[in-house]
Structure formats: C-alpha cells, structure tokens
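Read through the structure below, which is laid out as structure tokens, and then see the notes.
The values are calculated or read from the model by the stated rules, or taken from the named source; none is laboratory data. Not measured: the values here are computed from a predicted model. For neighbour counting, all protein chains shown are included, and Cβ atoms are generated from backbone atoms with ideal geometry for every residue, glycine included. Just the protein is used for accessible areas: all its heavy atoms, side chains included, with ligands, DNA and RNA removed. Shrake-Rupley method; radii C 1.70, N 1.55, O 1.52, S 1.80 Å.
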Amino acid sequence: MTGRRDWGGWDRPDNGKGRDCVTRVMTEHAESAADDLPQPSGAGRVDVVGTAHVSEHSVAEVESAIEEADPDVVAVELDEGRYRQIKGETPDDLDASDLLRGNTVFQFLAYWMLSYIQTRLGERFDIQPGADMKAGIDTAERLGLGVALVDRDIQTTVQRFWARLSAVEKLTLVGSLAAELGPPLTVGLTFGAVLGGAVAIVAGAFAGPLIVPSGALSGVLPGGVGTTVAGLLDTLLTICVVALAVGIPIAAVLTRFRGGEEVEEFDVERLTDTDVVSAMMEEFRQFSPGGAEALIDERDAFIAHRLVALREAGYHVVAVVGAGHREGIERYLDDPDSLPPMESLVGTESGRRVSLYKLIGYGFGFVFLAFFGLLILGGASQAVLLQLFVALVAVNAVLAGGLAKVAGAHWSSALAAGAFGWLTSLFPLLAAGWFAGYVELKYISVNISDIATLNEILNDQESPIMDLVARMRQVPLFRLILVVALTNVGSAVASYVVFPMLIPYISSDIGGMAGVSRLLWQGVREGTQILVGVL
C-alpha cells in the first residue's frame with residue numbers, strides 16, 4: 001500500500017518509504033531552497049562527506065552514508081552544466097564568441113588543463129572522474145531524495161582562477177598541457193619546423209635566399225636547375241635552422257613541465273586522508289595563492305552558503321564534496337557569521353587594473369602609426385609609402401592566412417585571416433584571429449563534450465605526435481582555437497619580425513635603411529615644428 005506526500009505542490013505516489021519517486025533538483029538559480037526541493041522534515045542538519053573524485057572506495061562511502069543518514073536532500077559539488085554532463089544529457093554549446101576574445105581563450109586552456117589532470121587520474125585508477133558525485137545523484141534518485149547542486153558555475157570559477165594567476169603561473173599551466181602532447185624535443189622541433197616553413201616562404205617571396213645564395217650551384221648544375229635546387233636547399237636549411245633555434249629552447253622548457261610517473265604509485269584512497277589533503281592544499285597555495293583562493297577558498301564559502309540556506313530551511317542534508325573542501329566548508333557551517341558576502345563570490349574578475357597585454361598592444365600600434373606618420377611628414381613619396389604598405393599587407397596575408405590554413409581553417413576563413421591580418425599591425429587589439437574565427441564558426445559548432453574528446457586523444461600514448469595533432473584538429477573546439485591562435489601568431493610574426501627585415505630591400509631606391517632613417521628624422525623635425533606652432 002503506497003502513501004502520498006506533498007513535495008512543494010507536487011502530489012506523487014511515494015516509494016513505500018514516505019518519499020516521492022520523482023527526484024527534484026535545486027539549481028544555483030533557485031531563489032530559495034523551497035523553490036526546487038521537497039518539503040523539509042524540519043530537522044535542519046548538514047553531514048559532509050569528503051571524497052576523492054577518482055576513488056572507487058569513495059563511491060561506496062557515498063552510497064553508504066546516504067543510505068544510513070536517510071536525509072531529505074543530497075547536495076553535490078556540481079553546477080548545472082556538469083550535472084547535465086554526468087547525467088548524459090546533451091552538452092551545452094559553448095558561446096564561441098567568448099572564446100574569440102583575448103584572455104577567454106587562455107581561460108579555456110586552464111579549464112582544459114584541470115579537466116585533463118582529472119581524466120588522467122581516472123585512467124590511471126580505472127574509474128570515471130566524478131563517479132563519487134554520480135553515486136550521490138544515483139542513490140538520491142533510487143531513494144526518492146532531493147538533489148541540490150551547490151557548486152559555483154564552472155565558467156565563473158575558471159574566469160576568476162585565471163584572473164588570479166600571475167604571468168609565470170599561467171605559462172606553467174599552458175606549458176604543462178603542451179608537454180603532454182609528446183616528448184618535449186619532438187614537440188619543440190615540430191613547432192619550430194612549422195615556424196621555419198613560414199619564414200622560408202616569406203623570405204623566398206620577398207627577401208630572397210637567406211642561407212644559400214641564388215647562384216651558388218650555377219657552376220655545378222645547368223641553367224635554371226641550379227637556381228631551383230639552390231632555392232629548395234635554402235628553404236630546407238632555413239626550416240632546419242629555425243626548427244633548431246626555436247625548438248630546442250621550447251623542448252628545454254617543456255622538459256621542466258613534464259612530470260614523472262610517481263602518481264601511479266600513489267594510493268588514491270589517501271586522497272581523503274585529512275593530513276594528506278592538507279599537505280596537498282598547502283602545496284597548491286605555495287604555487288599560486290590567488291589560484292587557490294578562487295579554486296578552493298571561494299568555492300568553500302559558496303558551497304557553505306548554499307548548505308547553510310538548506311539547513312536553515314529545515315532540511316537534513318548529506319553533502320558530497322571533494323576532500324579538499326571539507327575542512328573549509330565545515331568551518332563555515334560551524335560559524336556561518338564568518339561567511340563572506342555571496343556578492344563577493346560571484347561575477348567576473350577583472351584581474352589587473354592595467355592589462356600588460358593591452359599596454360603592449362597599444363605600444364605596437366603606436367609604433368606602426370608613428371612609423372608611417374613620420375614618413376609622411378618626412379616627405380616620403382607616394383610610391384615608397386605604397387610599397388611599404390603593400391609589403392605589410394602581403395606578408396600578413398601569407399603568414400596569417402597560411403598559418404590559419406595550417407590550423408585547419410576553411411579557405412574562406414584563411415582568406416579572412418589574410419585580408420585582415422595587417423590590421424593587427426596598426427590596431428593590435430583588433431586581432432586578425434577574431435575575423436578568421438568568426439568566419440570558421442559558419443562551418444563548425446563547438447560544445448563542452450569536445451574537451452572530453454581532446455582528453456581521450458591526449459591519453460593515447462602510443463600514436464606519434466603528428467597523428468595526435470591531426471586527430472585534435474578534427475575536434476571543432478580545438479580547431480577553432482588553433483585557427484584563432486595561429487592566425488594571431490602569423491600576423492604578429494609578419495608585422496613585428498618579417499616586415500622590419502624587408503624594409504631595407506623595399507626601400508633600396510631611397511638608400512635602404514639609411515634613407516628610411518633620414519625620412520623618419522625629417523618627420524620628427526617637421527612634427528616638432530608643427531606641434532610647437534600649434535602650442
């Protein structure tokens with residue numbers, strides 16, 4: 001014989017234990033606990049279960065704790081998006097326009113890094129990451145309990161985490177992710193070879209051979225054959241030289257980031273031991289005090305806010321959280337008055353008041369505008385100005401458009417990269433990668449499941465690095481970011497490295513660099529006279 005119980009306006013048959021068979025979920029957006037959960041039993045109380053996210057023992061512990069406590073609500077350390085992902089629902093499409101804006105790309109890299117670490121641990125210990133949270137949800141559903149999602153939105157957490165990191169800490173995180181692509185020397189030389197190929201193409205088109213003179217083989221091979229072979233040899237040597245010059249330093253840096261295999265010998269069950277957890281948290285705080293504040297301290301307070309609200313509403317709650325959060329949450333539960341205001345735990349973080357990235361961007365833009373402006377004031381002819389501007393546009397088209405295509409962009413996206421690449425020189429904050437990325441979005445859609453696909457590819461330790469890169473390029477999210485990043489890199493190299501190298505050749509009719517310098521100084525004198533006259 002079944003009874004009935006009123007769950008906040010829902011009237012359903014219960015499961016024989018006085019509870020509704022339909023599990024109700026409280027999300028972060030609920031204005032109060034009563035909006036999404038059943039009527040409380042009246043005994044407000046919170047029991048915190050600290051778990052390791054990659055531990056089979058923690059799964060059993062969660063199930064046992066919930067069954068024994070028989071609570072009204074099971075609270076889990078998840079936000080709404082991760083809850084849907086664990087439930088196997090269709091992942092949210094990412095707001096790709098956010099990924100195309102400056103630091104948001106690097107915030108994604110931070111999120112990917114954290115996700116990848118957890119996935120690797122899950123692979124090593126043969127358990128799906130988040131199995132402890134899934135056990136809490138499944139047990140609540142089986143017993144007809146309410147489920148409360150008490151963690152902060154992951155995008156807010158990652159944004160605030162990234163904003164709190166120093167430049168060195170950010171490079172360490174990105175470098176650690178790059179080190180997982182394969183052996184450091186292979187990764188470094190591959191990157192160097194790609195850059196060397198781009199330099200060789202531009203040099204061959206505008207500056208002539210860099211290493212092997214064009215007539216070096218004319219006495220050995222007949223006619224145009226010698227010139228052709230010399231050109232190919234110059235291209236090959238240029239690629240090798242750049243690959244070694246760039247790749248070896250990169251390999252040396254990546255070697256420092258590449259960890260050993262000690263984690264395989266670590267007892268995962270110790271991840272719930274209080275002393276071990278405290279030591280790990282302290283080590284992370286030493287690496288990044290600001291990052292620890294965003295990832296640990298703020299989330300402790302946010303979760304505690306949600307749990308205190310449930311307790312005050314009269315709910316008996318079993319809270320399933322990572323072991324690293326347990327101590328902080330329990331401290332706030334014992335002293336709710338010490339909780340920081342909820343308003344201080346949400347919203348985006350601006351980071352530095354003065355962005356170094358923006359200062360550098362404005363600086364480069366000013367230099368280019370000043371360069372052309374002073375040439376005009378110095379009396380440079382229209383022909384010289386036109387040649388310089390065409391060269392700037394051309395090298396950007398070749399490098400920005402070429403690297404966009406290397407990244408896997410469609411032809412229209414690569415053309416957009418090439419067409420707008422020169423704008424990065426004059427207006428560096430108007431990145432060429434944005435234009436290429438927005439065009440590429442006409443052909444692809446990205447969602448959060450792409451991160452799991454990337455993690456699976458990176459976990460393949462047998463395939464050669466070029467095969468891994470090729471497979472990663474097939475993942476829409478990775479391809480979009482790669483198109484944006486390489487387009488911006490190509491434009492920057494073209495504007496700030498290749499174009500200055502070409503100036504002596506382009507301005508040979510006016511005396512090369514000496515002639516350009518003479519016009520610039522004349523422009524300074526003319527500009528000073530105009531400024532003095534105006535003042």
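Could you tell me whether the range 457-464 includes any residue that is of a type in the set (Ser, Thr, Tyr) and farther than 30 Å from ASN396 by Cβ?
yes
Give the residue that is farthest from GLU526 (Cα to Cα), with candidates limited to residues of the range 369-382 that are without any contact (Cβ under 8 Å) to a residue 60 or more places away in the chain and among the hydrophobic types (A, V, I, L, M, F, W, C).
Looking at the filtered set, the residue picked out is LEU369.
Which residue is modelled with the lowest pLDDT, if the candidates are limited to the range 419-432 and must be out of contact with any Ser or Thr (no Cβ under 9 Å at 6 or more places or on another chain) and farther than 15 Å from PHE371 by Cα?
Per the stated criteria, the residue is LEU429.
I'd like the full set of residues that are of a type outside the set (Asp, Glu), touching a helix residue (DSSP H, G or I) at 6+ places or on another chain (Cβ under 7 Å) and more than 19 Å from ALA409 (Cβ to Cβ), limited to the range 450-486.
Answer for the range 450-486, where residues must be of a type outside the set (Asp, Glu), touching a helix residue (DSSP H, G or I) at 6+ places or on another chain (Cβ under 7 Å) and more than 19 Å from ALA409 (Cβ to Cβ): ILE451, ASN455, ILE457, LEU458, ASN459, ILE465, LEU468.
Output the number of the condition that LEU430 fails; it satisfies all remaining conditions of (1) open to solvent by less than 40 Å² (accessible area, probe 1.4 Å); (2) closer than 24 Å to PRO500 by Cβ.
(1)
Considering each of ALA492, ALA470, ALA404 in turn, give the residue that is without any contact (Cβ under 8 Å) to a residue 60 or more places away in the chain and out of contact with any Lys or Arg (no Cβ under 9 Å at 6 or more places or on another chain).
Unique residue meeting the criteria: ALA470.
SER449: without any contact (Cβ under 8 Å) to a residue 40 or more places away in the chain, more than 20 Å from LEU377 (Cβ to Cβ), among the small types (Gly, Ala, Ser) and open to solvent by less than 70 Å² (accessible area, probe 1.4 Å), yes or no?
no
Show me the helices (runs of 4 or more DSSP H) entirely contained within the range 365-444 in which 3 or more residues are closer than 30 Å to MET513 by Cα.
It comes to 382-406, 411-420, 423-426.
Do we have ILE465 as in contact with a Ser or Thr (Cβ under 6 Å, 6 or more places away or on another chain) and exposed (fewer than 15 other Cβ atoms within 10 Å of the Cβ) here?
yes
Got a sec? Which of GLY226, GLY259 is on the phi < 0 side of the Ramachandran plot, modelled with pLDDT under 80 and not in a helix (DSSP H, G or I)?
GLY259
Is it fair to say SER517 is among the hydroxyl-bearing types (Ser, Thr, Tyr) and surrounded by 15 or more Cβ atoms within 10 Å (Cβ to Cβ)?
no
At least 1 residues that are more than 27 Å from ALA200 (Cα to Cα) and of a type in the set (A, V, I, L, M) in each: list the helices (runs of 4 or more DSSP H) lying fully within the range 451-535 that qualify.
Correct list: 476-493, 512-534.
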